[in-house]
1. For the condition more than 27 Å from Ser152 (Cβ to Cβ), under 13 Å from the mean Cα position of the chain (by Cα) and hydrophobic (A, V, I, L, M, F, W, C), what is the one hit in Ala71, Ala40, Ala20?
2. State the number of residues belonging to the stretch 6-35 that are surrounded by fewer than 24 Cβ atoms within 10 Å (Cβ to Cβ) and not in a helix (DSSP H, G or I).
3. Here is a list of conditions, (1) under 14 Å from Tyr136 (Cβ atoms); (2) without any contact (Cβ under 8 Å) to a residue 60 or more places away in the chain; (3) in contact with a Leu (Cβ under 8 Å, 6 or more places away or on another chain), and Val42 meets all of them except one; can you say which number that is?
4. Considering only residues that are assigned to a helix (DSSP H, G or I) and of a type in the set (S, T, N, Q), look in the stretch 80-117 and name the one that is nearest to Asn11 (Cα to Cα).
5. Would you check if there is a residue in the stretch 12-19 being at pLDDT below 95, more than 14 Å from Leu146 (Cα to Cα) and touching a strand residue (DSSP E or B) at 6+ places or on another chain (Cβ under 8 Å)?
6. Going through the stretch 33-79 one residue at a time, which ones are touching a His at 6+ places or on another chain (Cβ under 7 Å) and farther than 12 Å from Asn11 by Cβ?
7. Taking the stretch 88-98, which residues are open to solvent by 90 Å² or more (accessible area, probe 1.4 Å) and either touching a residue at least 60 places away in the same chain (Cβ under 8 Å) or touching a Lys or Arg at 6+ places or on another chain (Cβ under 6 Å) (or both)?
8. Would you pick out the residues in the stretch 124-139 that are hydroxyl-bearing (Ser, Thr, Tyr) and surrounded by 19 or more Cβ atoms within 10 Å (Cβ to Cβ)?
Amino acid sequence: MIKVLFVCLGNICRSPMAEAVFRNMVREEGLEDHFEIDSAGVGHWHIGKAPHHGTRSILDKLSISYEGMKARQVEKKDWDYFDYIIGMDEKNINDLKEIQNDHENVKVARLMDFVPDAVEQNVPDPYFTNNFDYTYELVYQGCKQLLKTIKSSDHLNIKE
């Protein structure tokens, strides 16, 4: 089982969008039995809340499910559970390092690190920009490349 955790600031915009998009991609490829996918925020402000209406609107338009998703805060024990902890921006990565330094069994990276020649290194927070369409474009690109990377990893036995 490959366990992936997406992380943003409050877990209501970018990381639940990435969780839903990645889960949809995995399902479309028939790989859902190989993955466990979750999201969390570094902050505590939105614990228990559903994704932001802007995120829900984009996902609804694309018929991507976010059913049952509720915001939670990342915890130190996540480093012992997940194989990949994927931050949406450099600030998230720095915040994650304050919670737990790198763990030998976990890959911690920004989502856009997986996109060759990415136009952005960080996924801008639509909570502040209100540009959920652009956030979706970046999240989609990042999730597509992350899945490709995971599938091509020698130790995972999942091939294209």
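1. On the way: Ala40 fails: more than 27 Å from Ser152 (Cβ to Cβ); Ala20 fails: more than 27 Å from Ser152 (Cβ to Cβ).
One residue alone meets the criteria, Ala71.
2. 6
3. (1)
4. Step one: list which residues in the stretch 80-117 are assigned to a helix (DSSP H, G or I), which gives 80-81, 90-99, 111-114.
Narrowing the set further to residues that are of a type in the set (S, T, N, Q) leaves 92, 94.
Details: Asn92: 11, Asn94: 16 Å.
Restricting to residues being assigned to a helix (DSSP H, G or I) and of a type in the set (S, T, N, Q), the top hit is Asn92.
5. We begin by selecting, within the stretch 12-19, every residue at pLDDT below 95; these are none.
The answer is no, given that none of the residues of the stretch 12-19 is at pLDDT below 95, more than 14 Å from Leu146 (Cα to Cα) and touching a strand residue (DSSP E or B) at 6+ places or on another chain (Cβ under 8 Å).
6. At the first step, the residues of the stretch 33-79 found to be touching a His at 6+ places or on another chain (Cβ under 7 Å) are 71, 73, 79.
The answer is Trp79, and nothing else.
7. Within the stretch 88-98, Lys91 is the sole residue that qualifies.
8. Kept after step one, since they are hydroxyl-bearing (Ser, Thr, Tyr), are these residues of the stretch 124-139: 127, 129, 134-136.
Scanning the stretch 124-139 gives Thr135, Tyr136.
The values are calculated or read from the model by the stated rules, or taken from the named source; none is laboratory data. Here the structure is a predicted model, which means the values were calculated and not measured. Don't worry about glycine lacking a Cβ; one is built from the backbone with ideal geometry, like all the others, and counts go over all protein chains shown. Keep in mind that these areas ignore ligands, DNA and RNA; they rest on the heavy atoms of the full protein, side chains included. Shrake-Rupley method; radii C 1.70, N 1.55, O 1.52, S 1.80 Å.
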